[in-house]
Amino acid sequence: MNDPTIDAGSSVLGEETTPPAVELLGVSKSFGQRIVLRELDLAVGEREVVVVIGGSGSGKSTMLRCVAGLELINAGEVRIEGVPVQRATAGQRNRGLLKAARSIRQEVGMVFQHFNLFPHMTAHGNLTLALRLVRRMSRAEAAAIADDLLERVALADHRDAYPDQLSGGQQQRVAIARALAMRPRILLFDEVTSALDPELVGEVLDLHEPATSADPRVPKATARPLNAKLPALLRRY
């Protein structure tokens, strides 16, 4: 007799198993005729740190964007804490699944390589926007969280500055603070120091410990791998 297949989160001998925080099952992604990801399998457990290393164009950023729901996969399945958020199978509308899984996707934060700050908003406004629109916080609640995080990343004096008035290191610090403001359960880093001048790398890395030490969910051990400019980091709170 063949052994039965046991899915993540199923019960074995009365014990509940915890599904991976992030799981990719046979994920493939193409851009036209160019295959970027081919049948990729990956599982990241709770409070696990995973660093993805690879050459330029090998699909590191694309993989993270698929996890975050920013790219639609062509084959396979993406799960967040056991919940399918992307599935590419016959008869399955992937965009509809993404919409249905919106609540769990809100628990995934991402810090982009090129900051991706809203240029028409101040540093403070970049932090409060999602808090008000997604978390449905009041203006006062969102402002308090933004003020606290800007203080923790040593940018309180720049709360009213626009992105083009900030250095690259300052913009990246705002981007990291913005991701932390949402208190996501899963945080994705996409080469957060690769677009910076060498003298600014230390500025971004130095903020990491003070920015996260006050939050008991954030493991401090995740700061130093960035110093090696490793291409991607998945972090589970």
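Where a number appears in this text, it was derived from the coordinates with a stated rule and is not lab data. The model shown is predicted, which means the values in this text are computed figures rather than measured ones. Heads up, the Cβs are rebuilt from the backbone with ideal geometry, glycines too, and the neighbour counts pull from every protein chain shown.
Which of the peptides 25-36, 59-70, 162-173 is most tightly packed, and how do the rest follow, judged by the mean count of other Cβ atoms within 10 Å per residue?
On the way: 25-36: 13.9, 59-70: 21.7, 162-173: 19.1.
Put in order of decreasing packing, that is 59-70, 162-173, 25-36.
Given a Förster distance of 45 angstrom, what is the FRET efficiency for VAL83 paired with ASP160, based on the Cβ-Cβ distance and rounded to 0.05? Write out the running numbers ahead of the final one.
On the way: r = 39 Å, r/R0 = 0.87.
Taking R0 as 45 Å, the efficiency between VAL83 and ASP160 is 0.70.
Tell me, what HN-Hα J-couplings in whole Hz come from the Karplus equation 6.51 cos²θ - 1.76 cosθ + 1.60 at θ = phi - 60° for each residue of region 182-191, using x for Gly and Pro?
For region 182-191, the Karplus curve yields 7, 6, x, 7, 10, 10, 10, 10, 10, 6 Hz.
Note down the Stokes-Einstein diffusion coefficient of region 71-161 in µm²/s, whole number, using a Kirkwood radius over alpha carbon pairs, 25 °C, and 0.890 mPa s. Don't skip to the answer; put the middle values down first.
On the way: Rh = 15.5 Å.
Calculated translational D: 159 µm²/s.
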